[in-house]
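Only one structure is covered here, and it is reproduced in the block below.
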Amino acid sequence: MYNVKSKNAEEFISNEEIIKTIQYAKENANNKKLIEDIIKKAEERKGLSHKEAAVLLLSNDKEQNEKIFKLARQIKEDFYGNRIVLFAPLYLSNYCINGCTYCPYHSINKHIPRKKMTQDEIRNEVIALQDMGHKRLAIESGEDPINNPIEYILESIDTIYSIKHKNGAIRRVNVNIAATTVENYKKLHEAKIGTYILFQETYNKKSYEILHPTGPKHNYNYHTEAMDRAMEGGINDVGLGVLFGLDNYIYEFIALIMHAEHLESVFNVGPHTISVPRIRKADDINVSDFKNAVDDETFKKIVALIRITVPYTGMIVSTRENKECRKELLELGISQISGGSKTSVGGYYKEEEEDSSQFEVNDSRSLDEVVNWLAQLNYLPSFCTACYGSGRVGDRFMELCKDMQINNFCLPNAIMTLKEYLTDYASSETKKSGEILISKEINKVKDSNIKKQLIENLEKIKNGERNFKF
């Protein structure tokens, strides 16, 4: 039975409710009056229900779809402005005891080289990332209680935060590791992580169990209920995501929205981020084995609908997508992207001769190239972590974001972090485009006192001071 407030995965992600919702959406896919009413409701910037969003997903009315895309652009601008937050993944270890059929780290893959970084190697990786200009990382690790215990993860986080190289510092460490216990989530919270990220992969329980035949990840309920345990353990910000292509995208979309509704209902805090990866080629993985591929046009609509359905959430797209696709997705609601990414263990400090990548990267540009590209597109590249540093997390962040007030802080903070990047790391071409952008963005700051302080801080950054925040 469907119960949005239940702590049981099969009740807050009810298969019966999803099937009913799909049927309802099919029956109303050509109901122009209903579709117009749903879009009108979305214009209020308060979000949509999973049923309402499903109707829009199945509608093929070109005129209405254009309204959805236009609204998604407007809502992204209202909540997040033109800022695009930049980050990089850091793979600590690819040892894994799970049998996930779509991931090359699965336990029966005997020819991929296995690697676990030492703390000294992590230090080298972090320095390399700092030398690029990164301030925000998402650490990744396979599930292996012997090779990658929680103690290893905690020690690695401590190492990352401790490294101050030249003007570099990692100011926020997000964590993407396997579902764990409330006690371990408490430890991660005490280690001062940013967002805890866990992709569901697929919400279809039957498919999930087939795709995860062995290992602890086989337990659908334990995995799906992880965000509840994380928030019970004190973690303020959690990030959802499915791997589009594993199962029917309509089913996945509805379930993803239901998961967001559940967190909002139980904790009064919805997902801090939603990621939208699509399955990609990798060692030992043949994408053609998966019959649910999502084409580009459908993918763009999914992104736009997540934006208008969960308007407050940060939306992430990785280097799984190519430059052209990422450009289109930026226009439809994406607010965070990775840049200069490596998906192998030890890929930043020196290129590993042995390929340990988790998936094929389709945007291999350097961070500097990505920053320059964003600036030329009139997006504001942001390395900001000020909310995290100032305690604006969880319900406090959500309150400001839902009231569309977060930009009052984020805009000046983004400008200052871009100035840091341009001063310390940028190529001459990127400096030029970045400085032109900053001169335009300063004029968007409405509060005269903040604007005055911002201009003073930019001069201080130019003279060597760092890490200002509003």
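The values are calculated or read from the model by the stated rules, or taken from the named source; none is laboratory data. Please read all numbers here as calculations on a predicted model, not as lab measurements. Please note: Cβ atoms are built from the backbone with ideal geometry, for glycine as well, and neighbour counts cover all protein chains shown.
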(request) Assess whether K7 counts as being surrounded by fewer than 15 Cβ atoms within 10 Å (Cβ to Cβ), without any contact (Cβ under 8 Å) to a residue 12 or more places away in the chain and either hydroxyl-bearing (S, T, Y) or not in a strand (DSSP E or B) (or both). (result) no
(message) Please go through region 219-228 and give me each residue that is out of contact with any strand residue (DSSP E or B) (no Cβ under 7 Å at 6 or more places or on another chain) and surrounded by 17 or more Cβ atoms within 10 Å (Cβ to Cβ), ordered by number.
(response) Y220, H223, T224, E225, A226, D228
(request) Taking V182 as the residue in question, decide whether it is crowded, with 23+ Cβ neighbours inside 10 Å, of a type outside the set (F, W, Y) and either in contact with a His (Cβ under 6 Å, 6 or more places away or on another chain) or touching a residue at least 12 places away in the same chain (Cβ under 8 Å) (or both). (result) no
(request) Any chance you could count how many residues in region 311-341 are over 14 Å from the mean Cα position of the chain (by Cα) and either at pLDDT 95 or above or within 18 Å of F69 (Cβ to Cβ) (or both)? (result) 7
(request) Restricting attention to region 342-385, report how many residues are modelled with pLDDT of 95 or more, surrounded by 21 or more Cβ atoms within 10 Å (Cβ to Cβ) and of a type in the set (A, V, I, L, M, F, W, C). (result) 7
(request) Consider only pairs whose beta carbons are under 7 Å apart and that are at least six residues apart or on different chains; among these, list those whose first residue lies in region 98-114 and is on the phi < 0 side of the Ramachandran plot and among the aromatic types (F, W, Y) and whose second residue is outside any loop (DSSP other than H, G, I, E, B) and surrounded by 17 or more Cβ atoms within 10 Å (Cβ to Cβ). (result) Y102/L211; Y102/I285
(request) Among the residues of region 360-379, count how many are part of a loop (DSSP other than H, G, I, E, B) and over 13 Å from S338 (Cβ atoms). (result) 4
(message) Any residue that is under 20 Å from D424 (Cα atoms) and either buried (at least 23 other Cβ atoms within 10 Å of the Cβ) or touching a helix residue (DSSP H, G or I) at 6+ places or on another chain (Cβ under 9 Å) (or both) - is there at least one of those in region 97-109?
(response) no
(message) For the condition over 24 Å from the mean Cα position of the chain (by Cα) and part of a loop (DSSP other than H, G, I, E, B), what is the one hit in Y24, Y2?
(response) Y2
(message) For region 70-116, which positions are assigned to a loop (DSSP other than H, G, I, E, B) and basic (K, R)?
(response) K110, R114, K115
(request) Tell me, please, whether a residue that is surrounded by fewer than 21 Cβ atoms within 10 Å (Cβ to Cβ), out of contact with any strand residue (DSSP E or B) (no Cβ under 6 Å at 6 or more places or on another chain), in a loop (DSSP other than H, G, I, E, B) and at pLDDT below 95 can be found in region 117-133. (result) no
